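Colleague: Here it is, the structure in full.
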Amino acid sequence: MARQLYELVGRDPARPFSPYCWRARMALAHKGLDAACIPWRFTETDRLAFARHDKVPVLVDGDTVVADSWAIAEYLDRTCPEAPLLGAAAPHIRLIAAWVDHTLHGALIRLVVSDIFTLLDEPAASYFRASREARLGARLEAVTADREGRLPAFRTLLQPLRVALRAGPFLGGAAPDYADYAVFGAFQWARVVSKLVLVEDVDPIHPWLERMLGLFGGLAGAVPARG
């Protein structure tokens, strides 16, 4: 069986947007491995019953099924040890991934959540509105109101990333590792779903984003930004 990666999409199956799916997609490319994209939508939990999981990404590699982006990275390092994603730095990379999960994603969702809704067809759109409004305690449109006015605070939040990138072109040093993919997944998520400009051209983060978009023959950059 060809390797498969179940990825979150909206109306357009060619525009995967989950930050966690992008971590997995970039991790596979890092290892030089191909995987067919299997489009998956928010309300299709029954299609993941075989994985005993209700979220993507899910990697199917022959008879092996791996759910969760971090578990996929660990699996890829075990089965393809060349060009490690984690290696001895795994505890430190886990800290970076946790910062992304709990801080960066938390800030981003309040800037782009109403844009995500517009990418979805029914019944995913109704599910998304109901579940996210319950989680965020407000209408989606109210959550993202005055988001341009909140951009300076968001950009200040990114200062640790600027400091880390002073040491080299990637968070992994001379070459990217899973820390880069964990952080980049958040920016790619926002890039695909929203027109909002998160990082200005003069920001030191901008060249890193351009490098990430160009990796692996422009894998991430080939998915158009929200127009």
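The values are calculated or read from the model by the stated rules, or taken from the named source; none is laboratory data. Keep in mind that this is a model prediction, so the values were computed, not measured. Counting neighbours? That spans all protein chains shown, and the Cβs are built from the backbone with ideal geometry, glycine included.
Colleague: Hey, VAL100 hits all of (1) outside the structural domain of PHE17 (by TED's automatic domain parsing); (2) surrounded by fewer than 15 Cβ atoms within 10 Å (Cβ to Cβ); (3) under 16 Å from SER18 (Cα atoms) but one; which does it fall short on?
Modeller: The failed condition is (2).
Colleague: I'd like the residue in the stretch 153-196 that is in contact (Cβ under 8 Å) with a residue 24 or more places away in the chain and among the β-branched types (Val, Ile, Thr) and, out of all such residues, is nearest to ALA73 (Cα to Cα).
Modeller: In this case the residue turns out to be VAL183.
Colleague: Let me ask you something else. Go through ALA138, ALA142, ALA175 for me and flag whichever is surrounded by fewer than 16 Cβ atoms within 10 Å (Cβ to Cβ), assigned by TED's automatic domain parsing to the domain that holds PRO207 and under 15 Å from LEU209 (Cα atoms).
Modeller: ALA175
Colleague: So, ASP68, is that one on the phi > 0 side of the Ramachandran plot and within 15 Å of the chain's Cα centre (by Cα) or not?
Modeller: Against the criterion (on the phi > 0 side of the Ramachandran plot and within 15 Å of the chain's Cα centre (by Cα)), ASP68 qualifies.
A quick yes/no check of all residues on (1) out of contact with any helix residue (DSSP H, G or I) (no Cβ under 9 Å at 6 or more places or on another chain); (2) at pLDDT 95 or above; (3) over 30 Å from LEU140 (Cα atoms):
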| position | (1), (2), (3) |
| --- | --- |
| LEU161 | no, yes, no |
| LEU165 | no, yes, yes |
| ASP177 | no, yes, yes |
| ALA182 | no, yes, no |
| PHE187 | no, yes, no |
| SER194 | no, yes, no |
| ASP201 | yes, yes, no |
| GLY218 | yes, yes, yes |
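Colleague: Shifting gears a bit: Answer with yes or no whether MET26 is at pLDDT below 95 and of a type in the set (A, V, I, L, M).
Modeller: It is false that MET26 is at pLDDT below 95 and of a type in the set (A, V, I, L, M).
Colleague: Could you say which residue among LEU111, LEU95, LEU120 is within 25 Å of GLN159 (Cβ to Cβ), crowded, with 17+ Cβ neighbours inside 10 Å and not aromatic (Phe, Trp, Tyr)? Before you say what the answer is, go through the steps one by one.
Modeller: Details: LEU95 fails: crowded, with 17+ Cβ neighbours inside 10 Å; LEU120 fails: within 25 Å of GLN159 (Cβ to Cβ).
Within the list LEU111, LEU95, LEU120, the selection yields LEU111.
Colleague: Would you check if there is a residue in the stretch 150-165 being among the small types (Gly, Ala, Ser) and farther than 18 Å from LEU108 by Cβ?
Modeller: Within the stretch 150-165 (the criterion being among the small types (Gly, Ala, Ser) and farther than 18 Å from LEU108 by Cβ), the answer is yes, since at least one residue qualifies.
Colleague: Being out of contact with any Gly (no Cβ under 8 Å at 6 or more places or on another chain) and either at negative phi or modelled with pLDDT of 95 or more (or both) is true for just one of ARG78, ARG41. Which residue is that? Don't jump to the end; show me each part of the working.
Modeller: Working: ARG41 fails: out of contact with any Gly (no Cβ under 8 Å at 6 or more places or on another chain).
Sole residue among the options that is out of contact with any Gly (no Cβ under 8 Å at 6 or more places or on another chain) and either at negative phi or modelled with pLDDT of 95 or more (or both): ARG78.
Colleague: Can I ask one more? Taking the stretch 1-54 only, how many residues are part of a helix (DSSP H, G or I), surrounded by 18 or more Cβ atoms within 10 Å (Cβ to Cβ) and not hydrophobic (A, V, I, L, M, F, W, C)?
Modeller: Of the residues in the stretch 1-54, 5 are part of a helix (DSSP H, G or I), surrounded by 18 or more Cβ atoms within 10 Å (Cβ to Cβ) and not hydrophobic (A, V, I, L, M, F, W, C).
Colleague: Follow-up question, since we're still on this one. Look through the stretch 168-211, keep the residues that are of a type in the set (Lys, Arg) and in a helix (DSSP H, G or I), and return whichever of them is farthest from the chain's Cα centre (by Cα).
Modeller: ARG211
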